[in-house]
Amino acid sequence: MVVSGPVPAISEVSGGQEIAAMKGCGSMMMKQANDIPRDMASCHTALIDGLVVEGHVPVEDILAYRDNPQLNSVGLSVPGMVQGSPGVETDNKEDYQVIAFNSSGQRSVFREHKDY
């Protein structure tokens, strides 16, 4: 597993795998090499068994996706720094979507988080 930046709760899905961290320009190259659309980019990137995880994606969503991946998608993203998402816990909780995306830039809503 390769991780760019400190990804919240990543140890819960790593299954004891070694985690290698990248910093600086390496993280941008990692995003480009894994076809992460610019508007899906966030502060952290992880590669877990071939799945690209971008941003503050809840662990439950990563596990659900691994159990039932969407056809032709390469990853999941929570773009930006959504208040209330894992690792950005505040009193202000914004509704947000976890987006599945593929290498050609197509995307679909994998999960929605409202009133949590």
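The numbers here are math on the coordinates, done by the rules we state, and not lab data. Nothing here was measured: the structure is a model prediction, and the numbers come from that model. Cβ: placed from backbone, ideal geometry, glycine included. Neighbour counts: every protein chain shown.
Computed quantities for the displayed model
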| read-out | value |
| --- | --- |
| Relative exposure of L47, L71, judged by other C-beta atoms within 10 Å (fewest first) | L71, L47 |
| Residue exposure sequence - V109, V98 - by fewest surrounding Cβ within 10 Å | V109, V98 |
| Nitroxide proxy distance, nm - points 7 Å out along Cα→Cβ at M28 and S108 | 3.3 nm |
| Exposure proxy order (Cβ contacts within 10 Å, fewest to most) of M30, M81, M40 | M81, M30, M40 |
| Simple spin-label estimate for D115 and D91 in nanometres, 7 Å along Cα-Cβ | 2.3 nm |
